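Structure first, commentary second.
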Amino acid sequence: MMDYSRKISERLWNMPDKGELESRREATFIDDIIQKSHIEKELLSHLDGIKTVFDGGAGCGRFSILLAKKGCAVTHFDISQPMIDKAKELAAKEGVLDKITFVNGALEDLKGFNDKTFDMVISFDAPISYTYPNQKKVIGELVRICRKQIMISVSSRLGTLPYLANPIQKCQFILDETCDDPFVKWCIGNKENAIEAYHFNKDAVMKLYKDGLMGGDSEIAEYENGGTPWCITYTFMPDELEDILKHYGVKNIKLAGPGAYARTLPRELLVKIMNDSKQRSDFLDFCHYYDSNPFVCGMGKDNLFAQGKL
Ligand SMILES: C[S@@+](CC[C@H](N)C(=O)[O-])C[C@H]1O[C@@H](n2cnc3c(N)ncnc32)[C@H](O)[C@@H]1O
């Protein structure tokens, strides 16, 4: 399983169109808008004294570029060359190419970085969860290279369990059903089939609840057949994530569940809110406030957010 997890992740994230598709997510899915907005608000309010940043699994640069624009020297680290290429293109457009060092590498191997190299270490939208079974060690390594502030978001077990019982949940968050994004088209095209074929699988949800693991033997078989399955993903419980961070010496830990509030609203209302700039900005402010309450942290979209100090 150990090698497979990394190999599967490498194949998936290196698909040529990955960078392009990921860079469009905020234009297509409301839950992604909410999650990225939450992280952005957190980052912007914690930049005092931060000059250097390590972004692990930085993707197409959603946050590395933002921080470079704020004057930080950023190391943009990712396992995928298409993601890095897309990030370079976007960084050049924003005029911050020279503020960012791009490194193609795996989070499982951070030996090349000395202790306390970076003022801030970030890793958002689950890269840590894709390093199963090394996720705990990877968090330890991210803490090791950090001097002041750490912020991460990992796959949330309590947040993912509703997804497992609801294969059409992503449909609730489509911003524009007429857009030509291939994943949006797939969600819409597949909806009726997904409902038709649906049955509640107690064994599957109980398994995920207990071992936290999404994917396994069938993903490995698919990979061996030349396919590109989704990453084997480790989902965390909130108390578990807090304990791991504490174990490595992180203090003042705060947990949040971006997307928890929005889960309660039907798509028709979410779309109305998003298409009105004043309501959208007010809503994103309130989501950030509500989703920062640690009592809802498990019920975020599918990510559990944590921050702390060294
Ligand atoms: C969902 S994207 C998140 C991108 C970005 N952090 C954001 O929040 O917009 C996950 C990223 O993690 C990267 N990734 C996955 N496994 C990784 C690993 N083992 N080491 C480094 N990067 C990894 C992928 O290539 C992808 O760019």
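Every residue, every condition in (1) small (Gly, Ala, Ser); (2) surrounded by 23 or more Cβ atoms within 10 Å (Cβ to Cβ); (3) modelled with pLDDT under 95, yes or no:
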| residue | (1), (2), (3) |
| --- | --- |
| His46 | no, no, no |
| Gly49 | yes, no, no |
| Ala58 | yes, yes, no |
| Lys69 | no, no, no |
| Ala91 | yes, yes, no |
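Restricted to segment 252-264, and to residues there that are more than 16 Å from the ligand (Cβ to nearest atom) and assigned to a strand (DSSP E or B), the residue that is farthest from Asp32 (Cα to Cα) is Asn252.
Restricting attention to segment 211-236, the residues that are free of Cβ contacts under 8 Å to residues at least 12 places away in the same chain and in contact with a strand residue (DSSP E or B) (Cβ under 7 Å, 6 or more places away or on another chain) add up to 0.
Assigned to a loop (DSSP other than H, G, I, E, B) and within 16 Å of the ligand (Cβ to nearest atom): is that true of Lys111 in this structure? Judged against the criteria, Lys111 is a match.
Scan segment 137-154 for residues that are within 14 Å of the ligand (Cβ to nearest atom), surrounded by fewer than 24 Cβ atoms within 10 Å (Cβ to Cβ) and of a type outside the set (A, V, I, L, M) and the total you get is 2. Against the numbered list (1) touching a residue at least 60 places away in the same chain (Cβ under 8 Å); (2) within 22 Å of the chain's Cα centre (by Cα), Gly249 comes up short only at (2). As for segment 167-186, it holds at least one residue that is within 14 Å of the ligand (Cβ to nearest atom), at pLDDT below 95 and either over 17 Å from the mean Cα position of the chain (by Cα) or surrounded by fewer than 16 Cβ atoms within 10 Å (Cβ to Cβ) (or both).
The values are calculated or read from the model by the stated rules, or taken from the named source; none is laboratory data. In this text, all values refer to a predicted model and were calculated from it rather than measured experimentally. Don't worry about glycine lacking a Cβ; one is built from the backbone with ideal geometry, like all the others, and counts go over all protein chains shown.
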